[in-house]
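Below is one structure, written out as structure tokens; the observations come after it.
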Ligand code: SF4
């Protein structure tokens, strides 16, 4: 499928349920589509819904090598419960090599460069092998996500981007998780609504925005995976 063919589907899909969107994706792209997940609450809902509409789905994650033990534990549980092998995409540089090349604690001195090296470049490499990718972003998460469609052309990476939960609320996600006994990251029960790397994630305090715990102390709210332009061009 090319960019020009997306137009009609993009409009029609706005009335589809998450199940319908995922069914269309798997019918259309087969093994050329994969779910991208960091195993947050939304990602777990997408994985569970996908397992109900298509047994053989592909699932990949960007393993920055800075994830929480709780996240690695959840990845093991996902593989057991859904019978999938998570495709783990690693950065080109190990943490030690990154420290040698860019200096210690790059996430403090230049978090955009760190995210670019450990998330954006690996994602670009993975997406170059696919025709479509499935995300778990929701419109009300951040201002930059407010305009996403359920099915859209991804200008930045040059393939189809599928966002089955685009119109879901956080409450809907958690209702789904409880109703279907979906496994989730135990850090969510310790005031971590959004979970990324250990260096850049903290628990949120009462009344704070759910994403206030990501990159605390920086204006940064995204790692660059869902923005139109790269934060940093290497
Ligand atoms: S979230 Fe932090 S540690 Fe992880 S890649 Fe981005 S800057 Fe680096």
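Could you check the range 214-228 and list, in sequence order, the residues that are within 12 Å of the ligand (Cβ to nearest atom) and either assigned to a loop (DSSP other than H, G, I, E, B) or under 18 Å from residue 148 (Cβ atoms) (or both)?
If the condition is that a residue be within 12 Å of the ligand (Cβ to nearest atom) and either assigned to a loop (DSSP other than H, G, I, E, B) or under 18 Å from residue 148 (Cβ atoms) (or both), then 215, 216, 217, 218, 220, 221, 222, 223, 224, 225 are the ones that fit.
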Which one is surrounded by the fewest Cβ atoms within 10 Å (Cβ to Cβ), of the residues in the range 65-74 that are within 16 Å of the ligand (Cβ to nearest atom) and under 15 Å from residue 43 (Cβ atoms)?
72
Please work out which one of (1) part of a loop (DSSP other than H, G, I, E, B); (2) surrounded by fewer than 19 Cβ atoms within 10 Å (Cβ to Cβ); (3) within 16 Å of the ligand (Cβ to nearest atom) is the condition residue 55 fails and give its number.
(3)
Is it the case that residue 35 is under 23 Å from residue 127 (Cβ atoms), in a helix (DSSP H, G or I) and in contact with a helix residue (DSSP H, G or I) (Cβ under 9 Å, 6 or more places away or on another chain)?
no
Select, from 152, 172, the only residue that is outside any loop (DSSP other than H, G, I, E, B), under 23 Å from residue 12 (Cα atoms), over 17 Å from the mean Cα position of the chain (by Cα) and away from the ligand (no atom under 16 Å from the Cβ).
172
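Would it be correct to say that residue 45 is within 18 Å of the chain's Cα centre (by Cα) and either surrounded by fewer than 23 Cβ atoms within 10 Å (Cβ to Cβ) or within 11 Å of residue 136 (Cα to Cα) (or both)?
So residue 45 passes the test.
Considering 205, 211, which residue is surrounded by fewer than 18 Cβ atoms within 10 Å (Cβ to Cβ) and away from the ligand (no atom under 16 Å from the Cβ)?
205
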Condition (residue is under 30 Å from residue 16 (Cα atoms), part of a loop (DSSP other than H, G, I, E, B), within 13 Å of the ligand (Cβ to nearest atom) and in contact (Cβ under 8 Å) with a residue 12 or more places away in the chain) applied to the range 184-195: is it met by at least one residue?
yes
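Readers should treat all values here as calculations from the given coordinates under stated rules, not as data from a laboratory. Quick caveat: nothing in here was measured; it's all calculated off a predicted structure. Cβ: placed from backbone, ideal geometry, glycine included. Neighbour counts: every protein chain shown.
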